[in-house]
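A short worksheet on the structure shown next.
A short reminder: the numbers here are calculations on the coordinates, not readings from a lab. Source: prediction; values computed, not measured. Quick reminder, even Gly has a Cβ in these numbers, built from the backbone with ideal geometry, and neighbours come from all protein chains shown.
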Amino acid sequence: MDYGVSTANQSTLEIDNLWVRGSMRIYELIINQIRATNGSFFVSSTAVVDNISVGTTGDVTITFDSDNNLCPFATGDYIMMQRFDIAGGILRKLVFRVGDVSGKSIQAFYVYQYASQYPIKGDVFVRIGSANTARQGSIYLTSDDSNSPFVDIKDGVANYTDWSDATKIKVRLGKLTGITDSNFGALSGYGLYATNAYLKGGIWATLGNIAGWTITSAQMSKTYTHPVTFEVDEVALNATSNDIGLHVWMDKDAVNVPAMLSIGAIKDYTNTISANEFGIQYQRGSDTYFRLTNSVQQIAGWNFNNTAIWKLGSGTPSSSPASGIVINSAGAITVYGNYWQKRVALYYSASNNWGLIGTNESYQTVFQLGSTNQIAGWAFDTSKIYNSGVRLEASASLKGLGVNDGATDVVKVGDFTNASESYTTSTMPNAPNPASAWTIEINVNNRLTWNSYGANYGMASSNTDFTSYQWRTYLTLPIKDIKGKTITISFGIAERESTNGSSKATNIWAYIKTDVGTFALMDVTPAGGIYLLGNTPTYETRTLTATIPSNATYARFYIAWYKNGAFDPADVLFNNWSFLIYNKTIVELNKTGLKIYNSPISKILLNNNEAVFNLPFVRASSGIQLGERWTLVVEPYLEGDGITLNERLTLKYNGVMKGFFSQTDGTYVHV
């Protein structure tokens, strides 16, 4: 019993037996009765024999029982009667071809006559076929025939032989045993067999063929053989757990080159499954044209993800990429060599960082074009190519070569206008402390002291042979830091009374002395005179410049002085000491000449048909030519004893000696 289950909005009651002891009210009473028939059942033209006589045009004349003087048969029909006579214990079976039809009578021709039998009154004939194509179909239901039960719908039965032809069965419902199909072969079991089937709803098929597709429990497939090349192609739709998907195998017999298209489980061109990989792939031979799977994203050998597309011999875009190309969404196209560092990249990162760059296996930039321009380490712009301070320039200010140390052009060669000389200095390394590092060498009457009144002072003589000073002191200079270089020492100097009214002017000299010569001798006596005690002196600046020979082993800065008269000398005051090194040599070569300078005392100028050598040393290997005829040469000679070999500086005119300087005492000997 239910409500709304069997019929919506209604109650339903189903029981096996019902006894009603009182009244029962029913609006409609429907009584179902099970009906049955013996033997087989035809849905076709049929009639019952009423009378039989000798045929006029046929073998026999059969008159059928009919209320309207008509029979259901037509000329060309094939009719059959079959029944079992239980009383006589015999089988009766007759098959006729219908000739002329008149009213309810037909002229019948024997087609099959079992045991020379004749039709009798009460026999039931049914049409099984016809020469008329419109009357060749029938429906046959049986539960007694062999291989029954089944329902057959037949058509195309043109004669009695066709009746037993399985190909005339267009539809069978029931047991299919006994049907042999050109495609399915011998059938068995229960089901539906039909020339065409139009089904709505579900279908479950584990074998067969649909539109040329072969069905198995695991797949649907279809093959095609090319009529000329005989290449065999196959399309398979698989449903097994590890082989699920659509697989199109072209030229699978490898007449040319086999190819495989996989959608679902991935198979290669040899039909080998790729374990645990699903997606879509197409291969032709061993070449993969595209592969989009859960583990690989690839088109024509190119891999991709949501940030890049690439094709590499090894590595990935983020891990040691090599032998390939990467295009990323950040705005870069990079081609890699056999190392990830060896690359060519076209990129745009920002308005000040874009272009084309190439690097070698050490990740050194070989060339770059764009926001930065360089080739083999050389950068360039519209007017120059340059690298680490060296440039080749073609601008209004320079057409030629320039070498820059980061601040100044130290070498210029080409077409340009010479700039004013500009010297660059730096503080002398390990410079002495002038407040405490003095060595007093000569101190007459011990009058020389330092740091009195909070300032340095002392006194000296004007004797220029530097041997008779009353007072002399020096600072030791750091020879290893300055030899071979030009230095400058600057200081302020003033004179003041040592005692009230007792001071006189002094002569003060400064110079630099080395073991290979004395340089930069300068009278540094203040020009402003002596300042009285209690007054603030005005310091005057003095500067000494000298080039220290590269073969010197020591260098000293000397201050020497002595009193001028019988009175006590004045105090000599110093301030603002500066120890500097000229650290840059400028070389300029242009159409006006050659210009080389390091300091005010170290420069060479060759221009305007003249030469200027302002140098601390001029060195020649053997001689110097002056003009067209005069030369100074160093040549060996024998001393007066005729044994000792020595050198002398010889003055020659047109090659003839005019005199020489003796090495022994330095005197000039005229010849």
Set of aspartates and glutamates with alpha-carbon distance to Lys267 below 20 Å, sequence-local pairs under 8 removed: Glu231, Asp233, Glu234, Asp243, Asp251, Asp253, Glu277, Asp287
Please compute the Kirkwood hydrodynamic radius over the stretch 42-194, one decimal place, Å, based on all pairs of different Cα atoms. 16.4
Cross-link partners among lysines for Lys121, C-alpha distance below 21 Å, same-chain residues fewer than 8 apart left out? Lys93, Lys104
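Sort 363-372, 68-77, 4-13, 488-497 by the packing proxy (mean of other Cβ within 10 Å over each peptide's residues), most packed first.
On the way: 363-372: 14.8, 68-77: 16.8, 4-13: 9.5, 488-497: 20.6.
Ranking, from highest mean packing down: 488-497, 68-77, 363-372, 4-13.
Compute the Rg/Rh shape ratio of the stretch 142-257: radius of gyration over Kirkwood radius, all on alpha-carbon atoms.
Taking Rh as the inverse mean 1/r over Cα pairs, Rg/Rh reads 1.09.
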Could you order peptides 165-171, 607-613 by the average number of other Cβ atoms within 10 Å of their residues, highest first? 165-171, 607-613
What size of dipole, in debye to the nearest 20, comes out for the chain about its Cα centre when the only charges are +1 on Lys and Arg C-beta atoms and -1 on Asp and Glu C-beta atoms? 1160
Whose amide H sits under 5 Å from the amide H of Leu176, counting only residues 5 or more places off or on another chain, with H placed in the peptide plane? Gly189, Tyr190, Gly191
Sort the following peptides by mean Cβ neighbour count (other Cβ atoms within 10 Å, averaged over residues), highest first: 38-47, 298-307. 38-47, 298-307
Intensity falloff of the stretch 208-300 expressed as log10 I(q)/I(0), Debye formula with alpha-carbon point scatterers, at q = 0.12, 0.14, 0.19, 0.24 Å⁻¹: -0.37, -0.50, -0.87, -1.19
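How much of the DSSP beta bridge set in the chain is antiparallel, as a percent to the nearest 5?
Antiparallel bridges: around 95 percent, rounded to the nearest 5.
Filter the cross-link list Lys480/Lys513; Lys170/Lys200; Lys480/Lys595 down to pairs whose alpha-carbon distance in this structure exceeds 26 Å.
Lys480/Lys595
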